[in-house]
Amino acid sequence: MALKRRDFLKWAGAAAGSAVVTGCATTGSGSAGRVVVIGAGYGGATAAKYVKMWAPDIDVTLVERGSEFVSCPLSNLVIGGNAQLTDITMSYDGPRKRGIRMLRDEAVAVDATKREVRLASGTTLGYDRLIVSPGIDFNYASLPGLQSADAQSRVLHAWKAGPQTVALRKQLEGMRDGGAYVLHIPRAPFRCPPGPYERVCQVADYFKRAKPKSKIVVLDTNEDIISKKGLFLAAWNGMYKGMIDYRPNSELTDVDARTLTAKLQFDDVKADVLNVVPPQRAADIVRSAGLAGPHGWCDIDWVTYESKLVPGIHVLGDATLSAPAMPKSATMANQHAKVCAAAVIAAIKGAPANPAPMVVNTCYSFVDGKTVMHVASVHQYDTAQKTMVPIKGAGGLSDKASEVEGIFAWGWARNIWADTLA
Ligand SMILES: Cc1cc2nc3c(=O)[nH]c(=O)nc-3n(C[C@H](O)[C@H](O)[C@H](O)COP(=O)(O)OP(=O)(O)OC[C@H]3O[C@@H](n4cnc5c(N)ncnc54)[C@H](O)[C@@H]3O)c2cc1C
C-alpha cells in the first residue's frame with residue numbers, strides 16, 4: 001500500500017519526537033496485512049526488507065531506536081586501529097526507499113492480546129504479525145560493582161558497536177606502554193562465539209605496533225576457547241608469542257570499576273584497561289512481551305519462527321534460544337530473517353510455511369589488519385527432533401589464516417550490508 005500523505009506526516013512527526021500520536025496503524029485498502037518489526041539490526045532490517053520485497057501488498061513498519069546502522073562484525077578492527085567507525089556505519093535510507101515505514105523510536109511494551117506495540121513516543125502500532133529482532137542486553141545481576149552508569153562508563157563492554165567501540169579504542173590509545181589490557185569473556189551462549197578471541201588478536205596487533213611492552217590477560221569463564229581454537233592458538237603462539245596470558249575457568253565474581261580490578265574466586269587481576277563482556281540474554285523488550293523463558297532467551301518454532309510462548313509474534317537473531325551448535329551471528333540472523341519473512345507472509349496469506357528450512361553460517365575472524373580465517377556450518381530442520389541440526393560434513397574451517405580470506409571477509413561484509421540495508 002502506498003503511504004497516504006496525511007499518514008506519512010503523522011508517522012514522520014511521531015518518529016521525530018515532535019508529536020505524540022496515539023492510535024493503531026490501520027490497514028489501508030489493498031493491504032493484505034500489517035507487519036511490525038522491532039529492531040533494524042542484521043535480523044530485523046533483513047526481515048522487513050524481504051517481507052516487503054516478496055509481498056509488496058503487506059504494510060511493513062520497522063521500529064529502530066538508533067539513527068544509523070552500526071555493524072558489530074568488523075567492529076573489533078576499529079578497536080585494533082585497523083578500521084574507522086565510519087567504515088562500519090550505514091544509513092537507513094535503503095529500507096525507506098523500499099516503502100518500509102521506518103520509525104526512529106523505541107518499542108517499550110507489547111500487548112499480544114490486542115496485537116499492539118507501544119512506543120516510547122506514545123505511538124501505538126497495531127499488527128497482524130510482529131517480528132522481534134532486538135539482539136541482546138546484558139545481565140549485570142551477578143556483577144554488583146558494574147551496575148551503576150559510572151562503573152559502566154569506566155569498564156566498557158564494546159559488545160554493541162557504536163560509542164563504546166570508539167571509547168575502548170581511546171582507552172587503549174591512552175594506556176601506557178607496559179600496561180595490561182584485561183578482557184573478560186562470559187559463559188556461552190553469547191553473541192558471536194569467536195568475537196572475544198578475535199578482539200584479543202586485534203589488541204595484540206595494536207600493541208605489537210604501538211605498545212610492545214604491554215600484555216593481554218584473557219579471563220575466560222569457559223573451560224576453553226569456544227571457537228576456532230587451533231587457529232586462534234596458532235596466532236597467539238606465533239605472531240603474538242609471549243603477549244597473551246589466557247586463563248580458562250576464570251569466572252568474575254565482581255568488578256571494582258574505580259581501581260579497574262577484576263575479582264575472581266581466588267584472585268584479583270588489576271588492569272590498565274578492563275574490558276568486561278557481561279553475561280547476556282535476549283534484549284529487554286522480549287521480557288515485557290513475555291517472550292523469554294527462564295534462561296533469558298526466546299524459544300521458537302524453527303519452521304515459522306513463531307514464539308512458543310506468545311502466538312502471533314516471531315523472534316529471530318541473537319534473541320532466540322539457539323538450536324544445538326547454532327551460533328549467535330550476523331549471518332545467522334540474516335538467514336533466520338529470510339525464513340521468518342517467508343513464514344510470516346505465508347501466515348498472513350493462509351499458505352503453509354516451508355516445512356524443511358535450511359540455513360548457513362559463515363563467520364570470519366581477523367587475526368591482524370589483513371589476515372583472516374573462517375568457520376562455516378549448515379543447519380537443517382529435523383522433523384523428528386523439531387529443531388535445527390548441523391549437517392555433518394557440511395561447512396568447515398580454514399586450514400590457516402590468510403590474506404586471501406581477508407579479501408573474502410570484506411566481500412562478505414559488503415554483501416551482507418547490501419542484503420540487509422539496500
Ligand atoms: C565484536 C563483535 C564482532 C562480531 N563479528 C561478527 C562476524 O564477524 N560475523 C557475524 O556473522 N557476526 C558477528 N557478530 C555477531 C552479530 O553482530 C550479531 O549476531 C547480530 O548483530 C545479531 O543480529 P540481531 O538482529 O539479532 O541483533 P542486532 O544486529 O543487534 O540488532 C538489534 C537492533 O534492535 C534495536 N533494538 C533493540 N531493542 C529495541 C527496542 N525496544 N526498540 C527499538 N529498537 C530496538 C537495536 O538498536 C539494534 O539496532 C559480532 C558481534 C560482536 C559484538
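The values are calculated or read from the model by the stated rules, or taken from the named source; none is laboratory data. On a predicted model such as this, the values are computed, not experimentally measured, just so you know. Using ideal geometry, Cβ is built from the backbone for each residue, glycine included, and neighbour counts are taken over all protein chains shown. Note: accessible area is taken over every heavy atom of the protein model, side chains too, but ligands, DNA and RNA are not part of it. Shrake-Rupley method; radii C 1.70, N 1.55, O 1.52, S 1.80 Å.
Inspection of segment 385-396 finds no residue satisfying the criterion of being at pLDDT 95 or above, buried (at least 17 other Cβ atoms within 10 Å of the Cβ) and within 19 Å of the chain's Cα centre (by Cα). The set of residues in segment 367-409 being in contact with a Pro (Cβ under 9 Å, 6 or more places away or on another chain), of a type in the set (S, T, Y) and closer than 24 Å to S75 by Cα consists of S377 alone. What are the residues in segment 90-103 that are crowded, with 19+ Cβ neighbours inside 10 Å and in contact (Cβ under 8 Å) with a residue 60 or more places away in the chain, if any? Within segment 90-103, Y92, P95, R101, M102, L103 qualify. The number of residues in segment 397-422 being over 30 Å from S91 (Cα atoms) and more than 24 Å from the chain's Cα centre (by Cα) comes to 4. Any residue that is over 18 Å from P196 (Cα atoms) and touching a helix residue (DSSP H, G or I) at 6+ places or on another chain (Cβ under 6 Å) - is there at least one of those in segment 259-282? There is at least one residue in segment 259-282 that is over 18 Å from P196 (Cα atoms) and touching a helix residue (DSSP H, G or I) at 6+ places or on another chain (Cβ under 6 Å).
Let's see how each residue does on (1) assigned to a helix (DSSP H, G or I); (2) without any contact (Cβ under 8 Å) to a residue 24 or more places away in the chain; (3) surrounded by 23 or more Cβ atoms within 10 Å (Cβ to Cβ); (4) basic (K, R):
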position: R199; (1), (2), (3), (4): yes, no, yes, yes
position: K208; (1), (2), (3), (4): yes, no, no, yes
position: K213; (1), (2), (3), (4): no, no, no, yes
position: F232; (1), (2), (3), (4): yes, no, yes, no
position: A235; (1), (2), (3), (4): yes, no, yes, no
position: M239; (1), (2), (3), (4): no, no, no, no
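Beta carbons closer than 8 Å, at least 6 apart along the sequence or on distinct chains, pair a first residue in segment 113-134 that is closer than 15 Å to V286 by Cα and polar (S, T, N, Q) with a second that is assigned to a strand (DSSP E or B) and near the ligand (Cβ under 10 Å from one of its atoms) for S133/V37; S133/I38; S133/V315. Anything in segment 73-89 that is in contact (Cβ under 8 Å) with a residue 40 or more places away in the chain and either open to solvent by 40 Å² or more (accessible area, probe 1.4 Å) or more than 13 Å from the ligand (Cβ to nearest atom) (or both)? List them, or say none. G81, N82, L85, listed by residue number.
Would you kindly identify the strands (runs of 3 or more DSSP E) lying entirely within segment 308-422 that contain at least 3 residues that are within 12 Å of the ligand (Cβ to nearest atom) and touching a Ser or Thr at 6+ places or on another chain (Cβ under 7 Å)?
On the way: elements: 313-315, 358-366, 372-382, 387-390.
Here the list reads 358-366, 372-382.
Out of the residues in segment 274-307 that are among the aliphatic types (A, V, I, L, M) and part of a strand (DSSP E or B), which is surrounded by the most Cβ atoms within 10 Å (Cβ to Cβ)? Among those that are among the aliphatic types (A, V, I, L, M) and part of a strand (DSSP E or B), it is V276.
For segment 116-132, filtered to residues that are open to solvent by less than 10 Å² (accessible area, probe 1.4 Å) and closer than 18 Å to K52 by Cα, the residue that is nearest to the ligand (Cβ to nearest atom) is V132. Applying a threshold of 9 Å to beta carbon distances and a minimum spacing of six or more residues, or different chains, the list of pairs starting in segment 347-362 at a residue that is within 30 Å of E405 (Cβ to Cβ) and ending at one that is more than 16 Å from the ligand (Cβ to nearest atom) and in a loop (DSSP other than H, G, I, E, B) reads P357/V303; M358/I391; V360/A394.
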